[in-house]
1. Among the residues that make up the range 353-365, is at least one of them surrounded by 13 or more Cβ atoms within 10 Å (Cβ to Cβ), of a type outside the set (G, A, S) and in a loop (DSSP other than H, G, I, E, B)?
2. Does Q316 fit the bill of being surrounded by fewer than 18 Cβ atoms within 10 Å (Cβ to Cβ), in contact (Cβ under 8 Å) with a residue 12 or more places away in the chain and more than 22 Å from R64 (Cα to Cα)?
3. Of the residues that make up the range 358-367, is at least one without any contact (Cβ under 8 Å) to a residue 12 or more places away in the chain and aliphatic (A, V, I, L, M)?
4. Just to verify a result, which residue in the range 86-122, among those that are in a strand (DSSP E or B) and small (G, A, S), is farthest from H230 (Cα to Cα)?
5. Restricting attention to the range 94-145, which residues are open to solvent by less than 10 Å² (accessible area, probe 1.4 Å), in contact with a strand residue (DSSP E or B) (Cβ under 7 Å, 6 or more places away or on another chain) and closer than 30 Å to R194 by Cβ?
6. Among (1) within 21 Å of I204 (Cα to Cα); (2) in a loop (DSSP other than H, G, I, E, B); (3) in contact (Cβ under 8 Å) with a residue 40 or more places away in the chain, there is one condition G328 misses while meeting the rest; what is its number?
7. Condition first: in contact with a His (Cβ under 9 Å, 6 or more places away or on another chain) and among the β-branched types (V, I, T). Can you find one or more residues in the range 297-317 that meet it?
8. On the basis of being in contact with a Pro (Cβ under 9 Å, 6 or more places away or on another chain) and open to solvent by less than 40 Å² (accessible area, probe 1.4 Å), does G200 make the cut?
Amino acid sequence: MPPTTWAANGDVMVKLYGKNLSRHEAEALSGNLSHAAGVRSMVLDDGVERGIRLLEFRTGTGLRFTVLIDRAMDIADCDFRGQAIGWHSPAGFRHPALHEPEGEGGLGWMRSFSGLMITCGLDHILFMAEVPTPEYTYGPRATARHSLHGRIGTIPARLTGHGERWDGDRCFLWAEGVVTQGTVFGEHLELHRRIEVEVGSNDITLSDRVVNRGFYRTPHMFCYHINVGHPVLEEGARYLAPVRDVVWAAHAESYRAQNAGYRTMPAPQAGFHEQVWQHEMGADDAGRVPVALVNDRLGLGFMVTTRKDQFPCQYQWQNFQQGQYAMGIEPSSNHVLGNDAARARDEMTWLNHGDERRYDSTFSILPDAAAIAAAEARITAIAAQPKEDFPAPSGTFTPIGGRS
């Protein structure tokens, strides 16, 4: 479904319930746009979620998603016309006060791991690491010990605004906030996040800026853990991406035994060990990288579009364990090799005071077979991915280059 339609007079109009409406016509239909679409603030009030502030977005197309203000403004629920898109794990949307970032040897992050999108960073992603910190000139803490995927994902945001914005006859739902990751004698980084979606559309735009507010030269790494669940994910669902090279697989000697290749998804399995791939992606002429998971049986898919210059790396996460069934699309600032390797290869991003990095992404629902076909054609035009499910990883990690 197109987000907007051009009227006969050339003006862009919002599309709701199969009609092309001007603002005047839309407002004449009800005392408030919220009968069809809107964004509103809520607070969860039970179990491990109790006390979490969230925003619920509805676009009028059947797309609904929630933004966890108290967890880095990440996206939790996501569904389309009653069909789930985002993954729900056994951990639930846990209140950050219950989080133990250093717990279980750095794996405590998994006890807060759930939802469509979790942000990883801001100075570390991937597995646990201990790295030197001479840049902070503080002898008692000569190293920084990082837990899995970093700290940012369980830090509450300062909500700076949300609501509806009309631009002529187009209406946009939006929210903005700032998430601060800071400490004395260490990093002082801010994530400035804006989430926006047009009424009548199925495209969520995510605009992030990571800014060094401190006065130490500070490392920066960034990744989105975007998790698609059932029913988009089911046996036979297809991963579509402009894969130029399968670079790495954590499980290269066992993926055939688990019967889970990168391209076609299996049913849930008992005793499944997670699998992670890194793919070298091509980009279109505008530098964009579209990646999708599609379900041809349902005529439903989900696509993530990022920029190659912002996220040069891309992982694919497969967790096909029964009861935890998920597939992850993970755009990343760095290779899967991790923090130490980023430093050794001179690929770490270093931010001085006032420096910032931008990340502009779009999450799109593919609502029918025609949309899936269009997405597949777009992706294939960039690069034809390997046809076999079990390609041999090349081990070729394209240099990113040091950035400071």
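The values are calculated or read from the model by the stated rules, or taken from the named source; none is laboratory data. Quantities reported herein were computed from a predicted structural model and do not represent experimental measurements. Ideal geometry is used to build each Cβ from the backbone, glycine not excepted, and the neighbour counts take in all protein chains shown. The protein model used for the area step is the full one, side chains on, heavy atoms only, and it has no ligands, DNA or RNA in it. Shrake-Rupley method; radii C 1.70, N 1.55, O 1.52, S 1.80 Å.
1. yes
2. Values: surrounded by fewer than 18 Cβ atoms within 10 Å (Cβ to Cβ): no; in contact (Cβ under 8 Å) with a residue 12 or more places away in the chain: yes; more than 22 Å from R64 (Cα to Cα): yes.
Here the answer is no, as Q316 does not meet what is asked.
3. Filtering the range 358-367 down to residues without any contact (Cβ under 8 Å) to a residue 12 or more places away in the chain leaves none.
Within the range 358-367, not a single residue is without any contact (Cβ under 8 Å) to a residue 12 or more places away in the chain and aliphatic (A, V, I, L, M).
4. Of the range 86-122, the ones in a strand (DSSP E or B) are 86, 117-122.
Then keep just the ones that are small (G, A, S); that gives 86, 121.
On the way: G86: 8, G121: 27 Å.
By that ranking, first place goes to G121.
5. Residues satisfying the conditions are G115, L116, M117, I118, T119, C120, G121, L122, D123, H124, I125.
6. Of everything listed in (1) within 21 Å of I204 (Cα to Cα); (2) in a loop (DSSP other than H, G, I, E, B); (3) in contact (Cβ under 8 Å) with a residue 40 or more places away in the chain, G328 misses just condition (2).
7. Narrowing the range 297-317 to residues in contact with a His (Cβ under 9 Å, 6 or more places away or on another chain): 312-317.
Imposing the further condition that a residue be among the β-branched types (V, I, T) reduces the set to none.
No - not one qualifying residue is present in the range 297-317.
8. Working: in contact with a Pro (Cβ under 9 Å, 6 or more places away or on another chain): yes; open to solvent by less than 40 Å² (accessible area, probe 1.4 Å): yes.
The answer is yes for G200.
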